[in-house]
Ligand SMILES: *Cc1c(COP(=O)(O)O)cnc(C)c1O
């Protein structure tokens with residue numbers, strides 16, 4: 001389909017060619033989105049082509065993002081695509097988590113099974129491909145987390161130079177390790193996140209660096225395929241709810257856009273409802289949603305779930321529209337609830353990083369409040385891999401985990417390693433007792 005960049009603001013809707021290097025609307029400063037025109041795809045034919053592509057070894061077709069390229073703005077530009085075979089993430093039944101949330105059944109779509117271990121890969125493959133289409137040789141982002149890991153990997157694969165800007169002294173080690181390993185140039189700046197973002201914008205323009213922060217509309221397009229692939233895996237049977245954690249709110253915006261487009265083109269008869277879950281110490285969108293009125297950023301967001309530790313989410317206007325359009329809601333969860341839900345997801349043999357567990361914690365709260373029925377079809381999205389934050393895991397199970405304000409987090413589902421003597425009889429006796 002033909003595509004262009006359009007301002008998201010209803011009163012503006014200015015449009016720009018896909019080849020423009022823009023992050024906000026030059027006319028009004030609003031967010032930008034990709035908008036499609038031209039002949040619509042035929043759902044029945046497309047569904048069967050998409051299914052057949054899974055059987056081939058062609059790089060584009062075996063990517064869980066590019067397989068669905070008819071709904072991405074690269075129709076005539078696939079030669080620029082860089083792929084690490086992202087997507088293709090499992091949809092898993094989790095009976096123990098269903099019981100924990102008092103649901104008959106619960107499935108998780110695990111985006112932590114991506115090449116760099118988070119859903120950022122679904123978006124970054126599109127963002128890096130767009131950088132190549134624009135002829136850029138350098139890409140950058142401001143992030144201490146999964147975005148830098150993903151940017152570094154895709155830039156390396158695409159032959160682009162990656163520059164990662166970090167607030168000095170605020171480094172999440174596991175994720176930073178990935179960025180260094182993938183060869184990104186890593187700059188630590190003596191300033192806070194917002195100051196660095198302003199700095200990077202100036203530098204980007206001056207030096208011709210393409211910015212791949214979550215405001216980038218091409219990342220949002222790639223993340224749409226998370227729900228497209230989910231529905232393909234569900235044989236296009238629409239679930240009642242999709243529940244996911246929210247930080248900068250780019251992902252929920254992408255999900256909502258995908259669902260609107262799928263309904264519009266006739267791929268599905270109706271949209272599932274979207275529920276986004278925030279950590280209680282970083283919940284400006286929750287407050288906005290439930291209080292109404294103007295949006296107030298949180299000055300000092302606090303949560304151990306660092307991937308959703310965002311006080312001023314850039315994509316909140318899009319997220320608000322999408323959640324409203326889907327008939328969805330916004331929930332918040334405590335540090336204790338996140339930690340316990342995470343351990344339960346581990347017990348399912350699945351595992352995830354802390355931010356992802358907000359999904360299950362939120363599902364449980366929504367169920368307890370009666371917003372979800374026991375028999376409703378719910379898919380929770382796990383956004384990041386269990387190995388992203390091993391320190392958190394160890395502390396929880398040892399009873400050493402503390403919330404951001406120093407409140408101890410109880411290991412309700414703790415599983416401490418035991419020290420045993422070098423004595424077969426004694427060990428045999430211990431194992432008999434426990435079983
Ligand atoms: C980025 C990220 C989030 C938050 O997604 P937003 O699009 O910023 O709302 C949640 N979980 C993980 C693991 C992430 O990496």
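Where a number appears in this text, it was derived from the coordinates with a stated rule and is not lab data. All values derive from a computational prediction rather than experimental measurement. Cβ placement follows ideal geometry from the backbone for every residue including glycine, while neighbour counts extend to all protein chains displayed.
Straightening the chain between residue 2 and residue 236 buys 81.7 nm, computed as 0.36 nm per residue apart minus the Cα-Cα spacing.
Distance between the C-alpha centres of region 52-68 and region 336-375: 32 Å, rounded to the whole angstrom. With contacts taken as Cα pairs under 8 Å and at least 6 residues apart, the chain reaches a relative contact order of 15 percent.
Each of 69, 364 was scored by other Cβ atoms within 10 Å of its Cβ. Listed from fewest to most, they are 69, 364. Taking the DSSP beta bridges with both ends in the chain, the antiparallel portion is around 30 percent. Taking the alpha-carbon centroid of each part, what is the distance from region 136-192 to region 224-266 in angstrom? Computed from Cα coordinates, the inter-centre distance equals 28 Å.
Figure legend: label point modelled 7 angstrom from the Cα of residue 413 along Cα→Cβ; residues of region 82-104 with amide N under 12 Å from it are 94-102. Once the chain from residue 76 to residue 296 is taken as fully extended at 0.36 nm per residue, the excess over their C-alpha distance is 75.1 nm.
Note on residue 137/residue 37: beta-carbon distance plugged into 1/(1 + (r/R0)^6) with R0 of 30 Å gives a FRET efficiency of 0.45.
Considering only 212, 244, 91, the mean-square fluctuation computed in a Gaussian network model of the chain, springs between alpha carbons under 10 angstrom, is largest for 91. GNM on the chain, alpha-carbon springs under 10 angstrom: the most fluctuating residue among 224, 388, 47 is 47. A simple spin-label model places the labels of residue 13 and residue 428 7.9 nm from each other, with each point 7 Å out along Cα-to-Cβ. Counting neighbouring Cβ atoms within 10 Å and putting the fewest first, the residues 392, 154 line up as 392, 154. Taking label positions 7 Å along the Cα-Cβ direction at both residue 105 and residue 22, the computed distance is 4.5 nm, reported to one decimal. Taking 296, 397, 80 as the candidate residues, the one with maximal mean-square fluctuation in a Gaussian network model of the chain, Cα springs under 10 Å, is 296. Our estimate of slack between residue 47 and residue 374, defined as 0.36 nm per intervening residue step minus the Cα-Cα distance, is 114.7 nm. Only DSSP H runs of four or more residues enter the estimate; each adds -39500 (n - 2.57), and after division by the residues of the chain the mean residue ellipticity at 222 nm equals -12000 deg cm²/dmol.
Note on residue 173 and residue 85: with the Förster distance fixed at 30 Å, the Cβ-Cβ geometry gives a FRET efficiency of about 0.65.
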